[in-house]
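Enquirer: Just passing along the structure, written as structure tokens.
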Amino acid sequence: TNPGDDQSGAAPSPAGGGDGQVVKESSGDGCTLQDYGAEKLDLRNAVVGFSQSEPDTAAFRAAETKSIREAATEAGVRDLLVTNANNELPKQIADIQNLLNQGADFLIVAPVNSDGLDPALTAAKRAGVPVLTIDRKVTNTHCEDYVAFLGSDFEDQGRRAADALNDATGGTAKVAILLGSSGNNVTDDRNAGFKERVRAQYPGLEIVAEQTANFARDEGQAVAEQLLQSNPDITAIYAHNDEMALGAVTAVQAAGKRPGEDVKIVSIDGTRNAVQAIVDGQINAVIESNPRFGPLAFETARKFYAGEAIPEDVIISDDEYNRDNAEANLGNAF
Amino acid sequence: MTVSPAGTAPPPATGTVPVLETEGLSKSFGPVHALRAVDFALQAGEIHALVGENGAGKSTLIKLLTGVHRPDAGTIRFAGGEVAFDRPADAQRAGISTVYQEINLVPLLSVARNVFLGREPRTRWGLVDTAAMNRAAAELVGSLGVDVDVTAELGRLGLGVQQMVALARAMSVESRVVIMDEPTSSLEAREVATLFEVARNLRSRGVGLVFVSHRLDELWELCDRVTVLRDGQHVHTGPMAGLDRVSLVAAMLGRDVAEVAIEGATEFGDTHRQAVEPVLTVSGIDVRNRLHGIGLRVRPGEVVGLGGLLGSGRSETVKAVYGALPVRGGTVEVGGRRVRPNSVRHALRAGIALLSEDRKAEGIVPELSVRDNIALAVLPRFSRAGLVPERRIDALVETFMRRLRIKAASPAQKVRELSGGNQQKVLMARWLCTEPKVFLLDEPTRGIDVGAKAEVQALIDELAGHGLAVVLISSELDELVEGADRILVLHDGAVARELTGEHKTTSALLAALAGGRRRAEDGDE
Amino acid sequence: MTTTVSREESAPASPRARLARLAQRQGALVILAAVVLAATFSFDTFGTTGNLSNIALQASFLAVVALGMTFVIMSGGIDLSVGSVFALGGVLAAWGAGHGTWAAILLPLGVCGLIGLVQGLVIARGGLPAFIVTLAGLLFARGLLLLISDEGATTYKVPPDSAFRELAQGELLGIGYPVWFVLVAFALGGLVLHRTSYGATVLAVGGQEDAAELMGLPVARTKVIAYTVSGLLAGLGGLLMASYTSSGVTVLGVGMELEVISAVVLGGTLLTGGAGTVLGTLVGVLLLQVIKNVINQVGSLNSNWQAVISGTILLVVVTIQRWLATVQRR
Amino acid sequence: MSDGTIAPPEPRTRRGLRTDADWIRRNGVYVALALLVLINVAVTDNFVSENTLRLQLIQVTPVLIVALGMALVIGTEGIDLSVGAVMAIAASLIPLYIGYGTGVAVGIAVLAGAISGAVAGILVGRIGVQPIIATLGIMVAGRGLANLFGGEIKSIRDPGVVALGSGSVLGIPYVVLIAAAVAALVWFLVRRSTYGRQLVAIGGNKRAAELAGLPVRRVLVTTYVLCGLLAALAGVLLAARSQASDPTKVGLLVELSAITAVVIGGTPLSGGQVRIAGTIAGALLMQLITATLIFHDIPDSTAQIAQAVIVVAAVYVQLGRRRARR
Ligand SMILES: Nc1ncnc2c1ncn2[C@@H]1O[C@H](COP(=O)(O)OP(=O)(O)OP(=O)(O)O)[C@@H](O)[C@H]1O
Ligand SMILES: Nc1ncnc2c1ncn2[C@@H]1O[C@H](COP(=O)(O)OP(=O)(O)OP(=O)(O)O)[C@@H](O)[C@H]1O
Ligand SMILES: [Mg+2]
Ligand SMILES: [Mg+2]
């Protein structure tokens, strides 16, 4: 469905490369099969369950699911069961319990929310099924409720967005922030990181407004239009995801200004549309949040069953797209 | 609140102390002055008639007395003290129970529930004692001579039955004042008699009753005194005895006695010329466990009456003919051509019109204007290119509002705001617009004042004269006997007998009804 | 025009007609039974006690809220605020759990009950349309939630040792406490509806408000109570969920009101008010939950297809219900 | 005091009939709107500008168009929850058929809306399912379908569509013109057409309408078709404006804003009446509330609470006094 994946999805190598994930740092003490108290098993004849959190219509989720599926075939598991919680926590709890019911031996979970999965995790523990969480960390106990967390450091993404915006604006700007949906920890982290960095290093960046646009393009556009109308001196926009940034682009144009020039725009994700917009000079920079967890996830699972200790947090290194590299790396976008 | 404080020990019937009294009571709805400085006094232990033409302000007065509306000016005194009820509940608690004009019960609930809503008998756990409730309800309703299954859903019962249930509810609580707004308008001679019994009984216990009716004869039969309202003003109060019909009507209409000349009880002329070929031919109409092989033929210019007791199936018969009630078998022919069954629109197209007995649920569209209500049935037929033919409609409405003397502030006034009788006239107009060949009238003069009733009867007469075929249902025997050329007496959903020629008399009709009833009651006794 | 609508919808009183009403009400039940049977045969993972008790447990949260909604709808109103109030209740409970079990229980009930009470007063005494008032309630509760969780950034956790967890995680005879709560609550609800004068009054108010007023029934009070109870039960559902997930999740309950309403209506309650049953609501809730579960059983069925199918099933179910009702009448 | 029955009805003007409560009920929404405008003029920088006006008008169009359709449905004592999903379906179809040209794509999208409306209409009008549940089912299934059609969010580059979204004549954006046209059409339907008259009659007393021989079923079906059609149109315009179609997010919760607009506009949910001008004012009021909260950078939490309070206040202005009338 996503043209970007045609090139990128081909033969993901765990080692990394533009599209695969690269481990940046691993923190927390290791968790071994024994510590976790699960039985050894061979992934080849195992049933693996994947509980996706959001609908696959979001580019990020689509790429994530796709990569898990491919890696599963790669690893040659007996069967991969996939469920989608449509962003409802209760549904994800039910989903996971169903996966266990249907005999999953190993679970990969993209949590809807950092808290509240306890019933599902408890059920998994009872069934002696190890859980690997990806892209969002749960607040439960490591090596007891789950094996490890693979994913990006959202706060760091925020900090890097601040850096990028600083470079783009040359250090002075009136900034409007397009927030993701309220109550979502990605929103909170990406905002916290950004503000922290600005406070610490970029006094020239003045935050004049922060309004939620729910990660949606049309809302991003609507909100940006209103903001640009009420304070016309806004010179930079930081969007918590690419969709809202693309909305902002249209808004800026509608306001008769040049996006990327009169109003600098920085966002997070690395979707193909956004990176293309960089190439077209409408967005200044995009911090990547790499969705291709498949290879790393199954690699981790393999290690886990091989008896290696898995650290609590396996943080991947996300790339950055900017005017210099966007054209070249367009193929890596999802 | 089952027993009102007053109710516990009703005072002896003294004809002097006013139990309920108003002074300078006024109420207007926007520009409409419904009541202007009305003084009214009800003695304990009397039955006080409240009369006036449609829109005179009777119901408004009652609604003010019982806290439905608040007066703009004036005072209300109850049992000596001044009161200001701000909702009906207060009035009831104080000891005034009321049967309002339009039936105000809950159609979806059972008869028993409706009778006892808010004051159900309890078990010692404080729970509703359903069994006891049903027993009591059955007793109460039965004592009013209606034998219905009290667990039946009220909305399924005929209007007459519902009226009796409303009465039963009012009876179920001891009170010092009982107000009835046109309780008899949809009742049968037999039920009316029962109602009077109940009323007199209450009077003897010192209860004061207010009784509203457009059936003037009833007033002399029942009431001690009468108060006449006209255009929201008090025009007369005095004893019924010695008051003659003509001067009462004169007072109501505000005309000299000389001008008011009324022969007989109704305005019907004598039998109409009768063509040979029937325009309406109904045969073998069957409605699941309600109607059994009903047949009737009506010639142009003929008025055929349907008689029967409550629930005998008169309303259902006309509804079935009109296609508004799913029939299992039988045929309806108009002018020799068969009408597609179970389709109101085909019946209409064939030239049949039905004036339903239940104007609240099946008649008016409350939020629409008088004008649009009148034009409703002709709307599809008249409109050109999907547009409303305003001109044509205005003309039509104009004509009928004048002809039927519909009392509304303007054609644009909402029907909801009209008085009961005027709403009835609006519906009459709606159907006359369709220029029907066959007109089915279910209680056409229900709640219409004398003047208007005379007009409506004359109108029916005239229409018949012009070759319209009429089926007339009326619970007023005189109206039926004098209005109809033939009377079919229904019983339990079948034609029991037919009265024609010299057999078409009130006494014969009464006998026929009673006969039917007796058979019906064989089982019970 | 409730009168006429209900006249068509509900069944007449003759024995044959009672059958019709029964059939209509059991329409949902019949379909539920059918679905369960079919599922048990086609998926060996469905009939397992584990799965069934899961369904019961997951249904219980919705059920608690639906009970309150049933009374509101029967009184001729509607309560759109339940979703947000549910979430708010959860957050308050989790926060309260930090200060002891009683705080965790009473705080949410208090606040949510209060929200319901205020809504009821505005609707009954102020005479504003329930739809708008409770829609505002939806926004208000969600806003309050974000306020106390600083824009949803902080999620309160129930302390691991807190007895409050037991409330929803504990079991009796292998069945979770929430399920028992629901059974008791619905039994009480049924009693109130059929055997108290309040129950009848609710139906009267919903069936014909002006008549109820003229009959001297306490219309306003009846409504206020209905909305207050609805708020309370939504809060209760929330606090059970908080105990179940050991945390006050801020993103819960979005769109829940619609699910609850459809459960109630599936149960045969008239949205126009005046008629309905408590048992029907329970059946409606179970039906929705079972459908979800069954769709999940169908292995890796894409989530969009899941939506399409469950929507279609909903339509089929209500159509069959109508059909049953009318067929019986003919 | 001459007799009432003999004299022909004293002529009185329509205006003469209005009681205060009626007046307030009719005009409360305008009062509230004017108030909010004044407040903004006073406290919001850069508010007084042609741009602000244009912006609000542009942004209100989707909700407004949906609300107009919704007003018709509510007039029949019905309700339509599927509008949001229908918007999504329409939006998702545009990219699929844009290959055949702008006209075709838009046509198909709108047609899809009409079809889904027809389904609702048949369920409600013919089968007799309760509107809320029928349209709820369509809402759930429809959103799924939209995602199936649309898949991931797609950018729309087609010049025709883009122009539709952002073009304008004499400084008036196309979208605003279209909305105005729709409003005029609906007003005409309600006030002048037989269909409109029948619609309010059915909403006012269904049984009576049936007995008066009105084509109840046909009118109901037509109404839901119109509503679906308008929702689809709104979806198209939204997609054209954001130059993208995002089936998961387009039209989320629009049903609630639309219904609110209608009710704030003075149309009772109990049916039997349809107020077009009020609905427009209602939609504008909602739009201006959101804008105001953004203008002043109010955080989400406070914003939602404020919105709640304002909405209730606005409706109270209209209906609160009704009881005083007794
Ligand atoms: N709610 C209302 N709004 C406006 N006008 C009203 C309202 N209720 C009554 N009216 C007007 O007040 C006048 C008196 O009405 P009322 O119902 O008291 O007459 P009535 O004597 O009961 O007539 P009827 O014998 O036909 O019942 C009528 O002109 C009627 O149009
Ligand atoms: N014992 C009864 N007395 C009166 N009505 C009954 C009785 N039993 C049943 N009913 C119901 O009451 C309704 C009355 O039928 P219908 O109205 O056709 O008769 P009617 O002669 O017109 O009586 P009404 O004067 O009450 O209209 C019927 O639908 C019937 O189902
Ligand atoms: Mg009256
Ligand atoms: Mg009758």
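The values are calculated or read from the model by the stated rules, or taken from the named source; none is laboratory data. Every value quoted in this text rests on a predicted model; they were computed, and no experiment measured them. We place every Cβ from the backbone using ideal geometry, glycine too, and count neighbours over all the protein chains shown.
Enquirer: Among the residues of region B:119-128, is any at pLDDT below 90, farther than 19 Å from B:HIS234 by Cα and surrounded by 20 or more Cβ atoms within 10 Å (Cβ to Cβ)? If you could, list the steps in order and put the result at the bottom.
Expert: At the first step, the residues of region B:119-128 found to be at pLDDT below 90 are B:119-128.
Checking the rest, the ones that are also farther than 19 Å from B:HIS234 by Cα come to B:119-128.
In the following step, the residues that additionally are surrounded by 20 or more Cβ atoms within 10 Å (Cβ to Cβ) were identified as B:120, B:128.
Yes, region B:119-128 contains a residue that is at pLDDT below 90, farther than 19 Å from B:HIS234 by Cα and surrounded by 20 or more Cβ atoms within 10 Å (Cβ to Cβ).
Enquirer: Name the one entry in B:SER26, B:SER97 that is surrounded by fewer than 21 Cβ atoms within 10 Å (Cβ to Cβ) and more than 16 Å from ligand 4 (Cβ to nearest atom). Step through it out loud before you land on a result.
Expert: Numbers: B:SER97 fails: surrounded by fewer than 21 Cβ atoms within 10 Å (Cβ to Cβ).
Of B:SER26, B:SER97, the one residue that is surrounded by fewer than 21 Cβ atoms within 10 Å (Cβ to Cβ) and more than 16 Å from ligand 4 (Cβ to nearest atom) is B:SER26.
Enquirer: Counting only residues that are part of a loop (DSSP other than H, G, I, E, B) and in contact (Cβ under 8 Å) with a residue 60 or more places away in the chain, how many does region D:170-215 have?
Expert: 2
Enquirer: Name every residue in region B:17-32 that is within 16 Å of ligand 3 (Cβ to nearest atom) and not aliphatic (A, V, I, L, M), in order of residue number.
Expert: B:LYS27, B:PHE29
Enquirer: Assess whether B:ALA166 counts as being assigned by TED's automatic domain parsing to the domain that holds B:ASP90 and either touching a Ser or Thr at 6+ places or on another chain (Cβ under 6 Å) or within 16 Å of ligand 2 (Cβ to nearest atom) (or both).
Expert: yes
Enquirer: Still on this structure, please answer the following. Identify, by number, the condition in (1) in contact (Cβ under 8 Å) with a residue 60 or more places away in the chain; (2) more than 16 Å from D:ILE39 (Cα to Cα); (3) within 13 Å of chain C (Cβ to nearest Cβ); (4) crowded, with 22+ Cβ neighbours inside 10 Å that D:ALA281 doesn't meet.
Expert: (3)
Enquirer: Residues of region A:98-117 being in contact with a helix residue (DSSP H, G or I) (Cβ under 6 Å, 6 or more places away or on another chain), at the interface with chain C (Cβ under 8 Å from one of its Cβ atoms) and modelled with pLDDT of 90 or more, which ones?
Expert: A:VAL112 - this is the single residue of region A:98-117 that is in contact with a helix residue (DSSP H, G or I) (Cβ under 6 Å, 6 or more places away or on another chain), at the interface with chain C (Cβ under 8 Å from one of its Cβ atoms) and modelled with pLDDT of 90 or more.
Enquirer: With respect to D:LEU123, determine if the residue is closer than 13 Å to C:THR319 by Cβ, aliphatic (A, V, I, L, M) and at pLDDT 90 or above.
Expert: So D:LEU123 fits the description; yes.
Enquirer: Here is a further query. Restricting to region B:388-415, and then to whatever is within 11 Å of ligand 1 (Cβ to nearest atom) and at pLDDT 90 or above, can you tell me which residue is surrounded by the fewest Cβ atoms within 10 Å (Cβ to Cβ)?
Expert: B:LYS414
Enquirer: Given the structure, is B:LYS407 touching a strand residue (DSSP E or B) at 6+ places or on another chain (Cβ under 7 Å) and either in contact (Cβ under 8 Å) with a residue 12 or more places away in the chain or more than 14 Å from chain D (Cβ to nearest Cβ) (or both)?
Expert: For B:LYS407, the condition - touching a strand residue (DSSP E or B) at 6+ places or on another chain (Cβ under 7 Å) and either in contact (Cβ under 8 Å) with a residue 12 or more places away in the chain or more than 14 Å from chain D (Cβ to nearest Cβ) (or both) - is not met.
Enquirer: Which residue out of B:ILE76, B:ILE62 is more than 16 Å from ligand 3 (Cβ to nearest atom), at pLDDT 90 or above, more than 8 Å from chain C (Cβ to nearest Cβ) and surrounded by 20 or more Cβ atoms within 10 Å (Cβ to Cβ)?
Expert: Of B:ILE76, B:ILE62, the one residue that is more than 16 Å from ligand 3 (Cβ to nearest atom), at pLDDT 90 or above, more than 8 Å from chain C (Cβ to nearest Cβ) and surrounded by 20 or more Cβ atoms within 10 Å (Cβ to Cβ) is B:ILE76.
Enquirer: Quick one: D:THR223 ticks every box in (1) under 15 Å from the mean Cα position of the chain (by Cα); (2) within 24 Å of C:GLY273 (Cβ to Cβ); (3) within 11 Å of another protein chain (Cβ to nearest Cβ); (4) part of a helix (DSSP H, G or I) bar one, so which box is it?
Expert: If we test D:THR223 against (1) under 15 Å from the mean Cα position of the chain (by Cα); (2) within 24 Å of C:GLY273 (Cβ to Cβ); (3) within 11 Å of another protein chain (Cβ to nearest Cβ); (4) part of a helix (DSSP H, G or I), just (3) comes out false.
Enquirer: Oh, and also: Going by what's in this entry, would B:GLY351 be described as in contact (Cβ under 8 Å) with a residue 40 or more places away in the chain, away from chain D (no Cβ under 11 Å) and of a type in the set (Gly, Ala, Ser)?
Expert: The answer is yes for B:GLY351.
Enquirer: Let me ask something additional. State the number of residues belonging to region C:2-59 that are touching a Leu at 6+ places or on another chain (Cβ under 7 Å) and either at pLDDT below 60 or among the aromatic types (Phe, Trp, Tyr) (or both).
Expert: So the count comes out to 5.
Enquirer: Here are some conditions: (1) in contact with a Lys or Arg (Cβ under 8 Å, 6 or more places away or on another chain); (2) buried (at least 22 other Cβ atoms within 10 Å of the Cβ); (3) closer than 18 Å to D:THR76 by Cα. D:ALA120 meets all but one. Which one does it not meet?
Expert: Status for D:ALA120: all satisfied but (1).
Enquirer: Does at least one position in region C:97-116 carry a residue that is surrounded by fewer than 22 Cβ atoms within 10 Å (Cβ to Cβ) and within 8 Å of another protein chain (Cβ to nearest Cβ)?
Expert: No, there is no match, as no residue in region C:97-116 is surrounded by fewer than 22 Cβ atoms within 10 Å (Cβ to Cβ) and within 8 Å of another protein chain (Cβ to nearest Cβ).
Enquirer: Suppose we keep only residues that are polar (S, T, N, Q), surrounded by 22 or more Cβ atoms within 10 Å (Cβ to Cβ) and outside any strand (DSSP E or B) within region A:243-272. Which one would you say is modelled with the highest pLDDT?
Expert: A:THR250
Enquirer: Let me ask something else. Name the single residue, out of those in region B:181-211 being in contact with a Leu (Cβ under 8 Å, 6 or more places away or on another chain) and under 15 Å from B:THR66 (Cα atoms), that is farthest from ligand 3 (Cβ to nearest atom).
Expert: Top of the filtered list is B:GLY208.
Enquirer: Another question about this same structure. Would you confirm whether or not region B:171-180 contains a residue that is touching a Cys at 6+ places or on another chain (Cβ under 9 Å) and either within 16 Å of ligand 3 (Cβ to nearest atom) or of a type in the set (Asp, Glu) (or both)? Spell out the reasoning first.
Expert: Initial filter on region B:171-180 (touching a Cys at 6+ places or on another chain (Cβ under 9 Å)): none.
No, the conditions are met nowhere in region B:171-180.
Enquirer: Of the residues C:THR228, C:THR245, C:THR277, which single one is crowded, with 24+ Cβ neighbours inside 10 Å and either away from chain A (no Cβ under 14 Å) or more than 30 Å from C:LEU324 (Cα to Cα) (or both)?
Expert: Unique residue meeting the criteria: C:THR245.
Enquirer: If you check B:ALA112, B:ALA138, B:ALA91, which single one turns out to be away from ligand 1 (no atom under 16 Å from the Cβ), surrounded by fewer than 19 Cβ atoms within 10 Å (Cβ to Cβ) and either within 12 Å of chain C (Cβ to nearest Cβ) or assigned to a helix (DSSP H, G or I) (or both)?
Expert: On the way: B:ALA112 fails: surrounded by fewer than 19 Cβ atoms within 10 Å (Cβ to Cβ); B:ALA91 fails: surrounded by fewer than 19 Cβ atoms within 10 Å (Cβ to Cβ).
Result: B:ALA138 is the single residue among B:ALA112, B:ALA138, B:ALA91 that is away from ligand 1 (no atom under 16 Å from the Cβ), surrounded by fewer than 19 Cβ atoms within 10 Å (Cβ to Cβ) and either within 12 Å of chain C (Cβ to nearest Cβ) or assigned to a helix (DSSP H, G or I) (or both).
Enquirer: From the residues in region C:257-272 that are assigned to a helix (DSSP H, G or I) and surrounded by fewer than 24 Cβ atoms within 10 Å (Cβ to Cβ), which one is farthest from the chain's Cα centre (by Cα)?
Expert: For region C:257-272, the residue satisfying everything is C:LEU258.
Enquirer: For region B:355-378, how many residues are within 7 Å of chain D (Cβ to nearest Cβ) and within 16 Å of ligand 4 (Cβ to nearest atom)?
Expert: 4
Enquirer: Here are some conditions: (1) within 16 Å of ligand 4 (Cβ to nearest atom); (2) out of contact with any Phe, Trp or Tyr (no Cβ under 6 Å at 6 or more places or on another chain). B:ARG340 meets all but one. Which one does it not meet?
Expert: (1)
Enquirer: Would you confirm whether any residue within region A:287-294 is more than 14 Å from chain D (Cβ to nearest Cβ), out of contact with any Cys (no Cβ under 9 Å at 6 or more places or on another chain) and part of a helix (DSSP H, G or I)?
Expert: Among the residues of region A:287-294, at least one is more than 14 Å from chain D (Cβ to nearest Cβ), out of contact with any Cys (no Cβ under 9 Å at 6 or more places or on another chain) and part of a helix (DSSP H, G or I), which makes the answer yes.
Enquirer: Now, a different point. For region B:179-214, give me the residue count where each residue is more than 16 Å from ligand 4 (Cβ to nearest atom) and away from chain C (no Cβ under 14 Å).
Expert: Residues meeting the conditions: 22.
Enquirer: Okay, moving on. Hey, any hits in region B:86-101 for a residue that's of a type outside the set (A, V, I, L, M, F, W, C), touching a residue at least 24 places away in the same chain (Cβ under 8 Å), at positive phi and within 16 Å of ligand 2 (Cβ to nearest atom)?
Expert: We begin by selecting, within region B:86-101, every residue of a type outside the set (A, V, I, L, M, F, W, C); these are B:86-88, B:90, B:92-93, B:95, B:97-98, B:100-101.
If we keep only those that are touching a residue at least 24 places away in the same chain (Cβ under 8 Å) too, we end up with B:92-93, B:95, B:97-98, B:100-101.
Adding the requirement that they be at positive phi leaves B:95.
Restricting the remaining residues to those that are within 16 Å of ligand 2 (Cβ to nearest atom) gives none.
No; the residues of region B:86-101 include none that is of a type outside the set (A, V, I, L, M, F, W, C), touching a residue at least 24 places away in the same chain (Cβ under 8 Å), at positive phi and within 16 Å of ligand 2 (Cβ to nearest atom).
Enquirer: Still on this model: Within region B:377-470, which helices (runs of 4 or more DSSP H) (wholly inside it) include 1 or more residues that are within 16 Å of ligand 2 (Cβ to nearest atom)?
Expert: By residue number, B:420-433.
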